[in-house]
Amino acid sequence: MTWLSQLDDIKGLQIIYGAIPEALVVEVDEIVLNTRGPSVILRLELAEFPQSPPPKWKDFNTVSFFVKQ
């Protein structure tokens, strides 16, 4: 089991990366715990930048996203 298999919807990652490698490494940049309810938000940074990123990403070199539970 990988972290990727734990996500409900990976369509966005599939659009950006095409075939997503199972061993895609992530770094946890931020963890936010909500004291008013049972939730957590993770900000993850992917170790691998896509080969063909969207044109608007031309000045960037990192992909990060949030996962909320």
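Observations, loosely collected:
- Cα lying deepest toward the dipole's positive end in the chain, options Gly37, Pro53, Leu24, charges on Cβ: Gly37
- Translational D in µm²/s for the chain (Stokes-Einstein at 25 °C, 0.890 mPa s, Kirkwood Rh from C-alpha pairs): 184
- Straight Cα distances below 24 angstrom link Lys68 to the lysines Lys11, with same-chain residues fewer than 8 positions distant left out.
- Calculated [θ] (222 nm, deg cm²/dmol) that DSSP helices of n ≥ 4 give over the chain, each run adding -39,500 (n - 2.57): -2500 deg cm²/dmol
- Packing rank of 28-35, 14-21, where each peptide gets the mean count of other beta carbons within 10 Å, highest leading: 14-21, 28-35
Values quoted throughout were computed directly from the atomic coordinates according to the rules given, and no laboratory measurement underlies them. Keep in mind it's a predicted model, so treat the numbers as computed, not measured. Please note: Cβ atoms are built from the backbone with ideal geometry, for glycine as well, and neighbour counts cover all protein chains shown.
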